[in-house]
Amino acid sequence: DQQVKQNSPSLSVQEGRISILNCDYTNSMFDYFLWYKKYPAEGPTFLISISSIKDKNEDGRFTVFLNKSAKHLSLHIVPSQPGDSAVYFCAASDNAGGTSYGKLTFGQGTILTVHP
Amino acid sequence: GAVVSQHPSWVICKSGTSVKIECRSLDFQATTMFWYRQFPKQSLMLMATSNEGSKATYEQGVEKDKFLINHASLTLSTLTVTSAHPEDSSFYICSASQDGTRDGRRQETQYFGPGTRLLVL
């Protein structure tokens, strides 16, 4: 059962334009969402996160939007740069406590390619 | 801040030998560390959750006698792949959890190490 889904395996964007990466989840207990960027043969790098009590969080060129009713979040990168080319994973956690506290559930990842 | 290191970055070993991978949080104390495995073109698969001073919690399907985890201090966790076989060849990644407060709520954010590439011949 895939609780976090990234339905687009890849995305290609022109430099300077906006990149929008999407993520859907099914578990209503998730209350904290994170985006990670990963290069091949490296560990994921934390980018940005959002709590379920907010619907938007912004950090420089990166903005994450959360639509709780639709169980959907998205990462916007503006403007996109060639160095942004990587695999982007969304992840969700249930920080309410219990045995699942702090554990992340990852999506399958989306390969972003930004063309010069 | 929030730097996590892993050692070694890659290892090649013969079938039947044991391999130890270290995960360290360099600039913060991590009560909880996690071990993941990533197969080619797939997402990260959580293997186990490691809490300092207690036994690790393994995910379903992960053999605890094969993947020994020790979390001796708040900055160090080790994963030992015992009697490694070619099917254990993979990319192993650890993460360390840093507690924090975001939007007025306690949240944990995981910071990942660079990963260890294991090849068992």
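Could you check region A:12-31 and list, in sequence order, the residues that are within 23 Å of B:Arg37 (Cβ to Cβ) and modelled with pLDDT under 95? Can you show your working first?
Taking region A:12-31 and keeping what is within 23 Å of B:Arg37 (Cβ to Cβ), we get A:23, A:25, A:27, A:30.
Answer for region A:12-31, where residues must be within 23 Å of B:Arg37 (Cβ to Cβ) and modelled with pLDDT under 95: A:Asn27, A:Phe30.
Per the conditions (1) at negative phi; (2) at the interface with chain A (Cβ under 9 Å from one of its Cβ atoms), the sole criterion not satisfied by B:Trp35 is (2). Of A:Ile48, A:Ile53, all but one fail to be in a loop (DSSP other than H, G, I, E, B) and within 11 Å of chain B (Cβ to nearest Cβ); the exception is A:Ile53.
Comparison of A:Thr45, A:Thr26, A:Thr110, A:Thr63 shows that the only residue that is crowded, with 19+ Cβ neighbours inside 10 Å and either polar (S, T, N, Q) or in contact with a strand residue (DSSP E or B) (Cβ under 6 Å, 6 or more places away or on another chain) (or both) is A:Thr110.
Test A:Gly16 against the stated conditions and say whether it is out of contact with any Ser or Thr (no Cβ under 6 Å at 6 or more places or on another chain) and under 25 Å from B:Glu108 (Cβ atoms). Reasoning before the result, please.
Working: out of contact with any Ser or Thr (no Cβ under 6 Å at 6 or more places or on another chain): yes; under 25 Å from B:Glu108 (Cβ atoms): no.
No; evaluated as a whole, the condition is false for this residue.
If you check B:Thr80, B:Thr49, which single one turns out to be touching a Ser or Thr at 6+ places or on another chain (Cβ under 8 Å) and either among the aliphatic types (A, V, I, L, M) or at pLDDT 95 or above (or both)?
B:Thr80
The combined condition, being crowded, with 20+ Cβ neighbours inside 10 Å and either at pLDDT below 90 or assigned to a loop (DSSP other than H, G, I, E, B) (or both), is fulfilled by B:Ala30.
On the given criteria, is A:Leu75 within 12 Å of another protein chain (Cβ to nearest Cβ) and touching a strand residue (DSSP E or B) at 6+ places or on another chain (Cβ under 9 Å)? Here the answer is no, as A:Leu75 does not meet what is asked. Among the residues of region A:67-116, how many are within 22 Å of A:Pro40 (Cα to Cα), modelled with pLDDT of 95 or more, touching a Ser or Thr at 6+ places or on another chain (Cβ under 8 Å) and outside any strand (DSSP E or B)? The qualifying residues number 3. Going by the conditions given, is B:Ser95 touching a strand residue (DSSP E or B) at 6+ places or on another chain (Cβ under 9 Å), within 11 Å of chain A (Cβ to nearest Cβ) and at pLDDT 90 or above? For B:Ser95, the condition - touching a strand residue (DSSP E or B) at 6+ places or on another chain (Cβ under 9 Å), within 11 Å of chain A (Cβ to nearest Cβ) and at pLDDT 90 or above - is met.
Hey, does region B:61-80 have a residue that's within 14 Å of chain A (Cβ to nearest Cβ), closer than 23 Å to B:Val11 by Cβ and surrounded by fewer than 20 Cβ atoms within 10 Å (Cβ to Cβ)? Scanning region B:61-80 turns up at least one residue that is within 14 Å of chain A (Cβ to nearest Cβ), closer than 23 Å to B:Val11 by Cβ and surrounded by fewer than 20 Cβ atoms within 10 Å (Cβ to Cβ).
The values are calculated or read from the model by the stated rules, or taken from the named source; none is laboratory data. Here the structure is a predicted model, which means the values were calculated and not measured. Here Cβ is always computed from backbone atoms with ideal geometry, including for glycine, and neighbour counts include all displayed protein chains.
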